[in-house]
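Take a look at the structure set out below.
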Amino acid sequence: MREKLVAGNWKMNGGLAENVVLLDAVIAGVAGLRGVQSTVCVPFPYLYQAQHALRNTSIAWGAESVSQYTHGAYTGEVSAAMLLDFGCRYVIVGHSERRALFGEEDGVVADKFSAAQAAGLIPILCVGETLAERDAGITEAVVSSQLDAVVARGGAECLATAVVAYEPVWAIGTGKTATPAQAQAVHAFIRGKIAAMNAAVANDLQILYGGSVKAANANELFSMADIDGGLIGGASLDAAEFTAICVAAQS
Ligand code: PGA
């Protein structure tokens, strides 16, 4: 039985004072929940704050990106080892905003995935198609090649210590959620593709859905066979919403 994972992605939001209020409310909200893992991925400057707020709770924390390099003359970059220094468990790699706005292509995403794993972090690998790609009927081909870029490096086995997040680009921050059936179809495709390489890895792999998940739609999404939780953007900034999503993910 795969345990569900609810991961918040704060994106470039937050502030020291408001984070205290949000984290305290989330801690109180998820206390006592069973059978669901939760984590928040926060901007780099707030990792120290997240670490200190969350270290004695069941909530893990992580970052939203990581450098593909280990150290050296890479101005402005943050290495996986630095994230570990702040107790991170997870790091998001290949988010569509990184791909679209910061030119991160599949090769870079694969490098970041490897760098995160080499340091002992669990990468949350984001894949997903644009609306034009969906309309062109190439959703599976797009998702497949995004997965292949990573699997080509480390084999399907590298997904044994990773999480995949299917995030249709057209559903991110738009209020348009994939229907549970649309999401399930792609999740099943992803799991089937991995299963053809390594059935045990596929069976254990947590595949999250992301894209306008909120308390009101979490239950029906999470009831689908291959949806193992969510990657939550906007709703992770609202403690009541985020908590309600975690409640919906309880087994
Ligand atoms: P959203 O973002 O929940 O605001 O759509 C999801 C994400 O980008 O991870």
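Could you say whether any residue in region 221-237 is part of a helix (DSSP H, G or I) and away from the ligand (no atom under 15 Å from the Cβ)?
no
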Worksheet item: Looking at (1) surrounded by 15 or more Cβ atoms within 10 Å (Cβ to Cβ); (2) closer than 15 Å to LEU121 by Cα, can you tell me which one THR70 breaks?
Response: (1)
Fill in: Condition check for ALA196: under 22 Å from ALA149 (Cβ atoms), surrounded by fewer than 20 Cβ atoms within 10 Å (Cβ to Cβ), more than 10 Å from the ligand (Cβ to nearest atom) and at pLDDT 95 or above
yes
Fill in: Tally of residues being buried (at least 18 other Cβ atoms within 10 Å of the Cβ), among the β-branched types (Val, Ile, Thr) and away from the ligand (no atom under 12 Å from the Cβ) across region 143-192
7
Worksheet item: Could you list, in sequence order, the residues of region 90-142 that are surrounded by fewer than 19 Cβ atoms within 10 Å (Cβ to Cβ), among the aromatic types (Phe, Trp, Tyr) and away from the ligand (no atom under 16 Å from the Cβ)?
Response: none
Worksheet item: Of the conditions (1) more than 18 Å from CYS126 (Cα to Cα); (2) among the small types (Gly, Ala, Ser); (3) not in a helix (DSSP H, G or I), ALA244 fails just one. Which one is it?
Response: (3)
Worksheet entry | So PHE86, is it more than 19 Å from ILE172 (Cα to Cα), among the aromatic types (Phe, Trp, Tyr), within 16 Å of the chain's Cα centre (by Cα) and more than 14 Å from the ligand (Cβ to nearest atom) | no
Item to complete: Considering only residues that are within 16 Å of the ligand (Cβ to nearest atom) and in a loop (DSSP other than H, G, I, E, B), look in region 1-54 and name the one that is surrounded by the fewest Cβ atoms within 10 Å (Cβ to Cβ).
Response: MET12
Response to the item:
Of all helices (runs of 4 or more DSSP H) fully inside region 67-157, the set with 3 or more residues that are in contact (Cβ under 8 Å) with a residue 12 or more places away in the chain and on the phi > 0 side of the Ramachandran plot is none
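The values are calculated or read from the model by the stated rules, or taken from the named source; none is laboratory data. Model, not experiment: these values are computed from the prediction. We place every Cβ from the backbone using ideal geometry, glycine too, and count neighbours over all the protein chains shown.
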